[in-house]
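Since the structure comes first, as structure tokens, the remarks are kept for the end.
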Amino acid sequence: MILVTGGAGFIGSNFVLDWLAQSNEPVVNVDKLTYAGNLNNLLALQGRPEHIFVRVDIRDTAGIEALLNTHKPRAIVHFAAESHVDRSIHGPGEFISTNINGTFSMLEAARAYWTGLPEAECAGFRFLHVSTDEVFGSLGDADPAFSETTAYAPNSPYSASKAAADHLVRSYHHTYGLPTLTTNCSNNYGPYHFPEKLIPLMIANALAGKALPVYGDGKNVRDWLYVSDHCAAIRQVLQKGRCGETYNIGGWNEKTNLEVVHTLCAILDELKPNAGHASYREQIHFVTDRPGHDRRYAIDARKIERELGWKPVETFESGIKKTVQWYLDNQTWVAEVQSGAYQNWVEKNYNQRDTAVTTQDGKP
Ligand code: NAD
Ligand code: DAU
């Protein structure tokens, strides 16, 4: 069996669902269920004894060690983290604690467990740490994409906390020989994406007749990867990756934020036209930029393709259509996660931003 952390979050739940759709190998799913963790994401697994959910904080080293000794997994896939850049700007403390101390705690528990394994199991054990392309900082328009040897230059409390975690993982391999693997992935999108992030937020706001808040000039570039492609890449790294190595994972889909929002509006105009027949584009508002906003991310994903034979299956066009359709079909899921504490967050993040421009083409 394997142990997954953060398996009730966006990528983690997609990973667990994909894993158990493809195999009967059991998964121990460890999640604290913060605002971002949602057991409704895993409803399809009801009645599947191979899915064992445990509510534990990754910072509880003894609790994690006990779980490892009870279930004896052959691998850990570590997703659990605070993941939202804007939240890290408003309150970095939880990011330092969860992402750095939490990863340290996971590494300590894993080291103790791994050291005690019989020789054959010890050699086969893997600790796969899921990280981000944001650790590499920001690119200029003409810069080459991030490769595995690009120097770290994190710019937000979130990315700095992930960078610190990556360094700890690296050190546990070099110092103790822990068989680690690290993946640095670009922006994911798809089902169960929490509607605080760009794509699901824009879909939810569009349908609710609310403003579509584009930060700054909307020309920041992200590389988009459909979440099931990310899950497939992680399975491949787990199976064939070389210990101590890092692998960049990306979708070869660089888009400006404005392109993404325009695409979403066009798909919604087609699938769910506004009652008054106005395009959703008219809801676009340009708002005060994110402090320290990274301009461009781009991933060079040739190493994982060359060494492990992985490349994405979805294009941005196919993935984004599936995503919009999923949100149209799952509006109850969105309504549920948007209730309660989420409302306080919306007030904190958006009510203080000036609305600079309200036209659809970005012109004042
Ligand atoms: P998410 O915020 O949707 O989910 C995080 C999960 O971790 C939640 O279920 C939450 O309850 C759990 N969690 C948080 N703190 C915990 C703690 N102390 N103990 C146990 N569980 C805890 O995040 P996501 O978007 O699914 O990202 C998953 C991982 O992938 C993160 O490590 C993130 O840095 C990384 N990543 C995300 C993206 C992306 O585009 N979303 C891209 C690259 C890398
Ligand atoms: O690159 C990988 C990273 O992608 C992950 O490590 C993070 O966990 C994940 O949250 C994501 O970070 P971003 O900051 O790129 O994602 P977000 O969806 O918050 O924003 C995407 C872009 O859209 C970014 O340039 C900011 C912009 N944006 C975002 C929101 C929420 C807006 O213009 N308006 C918004 O309301």
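List of remarks:
- Residues located in segment 100-129, provided they are in a helix (DSSP H, G or I) and surrounded by fewer than 17 Cβ atoms within 10 Å (Cβ to Cβ): Glu108, Ala112, Thr115, Glu119, Ala120, Glu121, Cys122, Ala123, Gly124
- Cβ-Cβ contacts under 6 Å between residues 6 or more apart (or on different chains), taken from a first residue in segment 121-146 that is over 26 Å from Ile64 (Cβ atoms) to a second residue that is assigned to a strand (DSSP E or B) and within 12 Å of ligand 2 (Cβ to nearest atom), are listed as Asp133/Phe146; Asp133/Asn184; Asp133/Ile299; Phe136/Phe146; Leu139/Arg296; Ala145/Ile299; Phe146/Ile299.
- Those residues of segment 96-140 which are within 16 Å of ligand 2 (Cβ to nearest atom) and either at pLDDT below 95 or of a type in the set (Phe, Trp, Tyr) (or both), in sequence order: Phe136
- In segment 144-161 there is at least one residue that is of a type in the set (A, V, I, L, M) and surrounded by fewer than 19 Cβ atoms within 10 Å (Cβ to Cβ).
- Consider segment 172-220 and keep the residues that are basic (Lys, Arg) and more than 21 Å from the chain's Cα centre (by Cα). The one that is nearest to ligand 1 (Cβ to nearest atom) is Lys219.
- Matching residues in segment 262-296 - criterion: being within 24 Å of Ser159 (Cα to Cα) and not acidic (Asp, Glu): Val287, Thr288, Arg290, Pro291, Gly292, His293, Arg295, Arg296
- Number of the exception - Leu107 against (1) within 12 Å of ligand 1 (Cβ to nearest atom); (2) out of contact with any Pro (no Cβ under 8 Å at 6 or more places or on another chain): (1)
The values are calculated or read from the model by the stated rules, or taken from the named source; none is laboratory data. Bear in mind that the values here come from a model prediction, so they are computed numbers and not experimental data. Backbone-built Cβ (ideal geometry, glycine too); neighbour counts: all protein chains shown.
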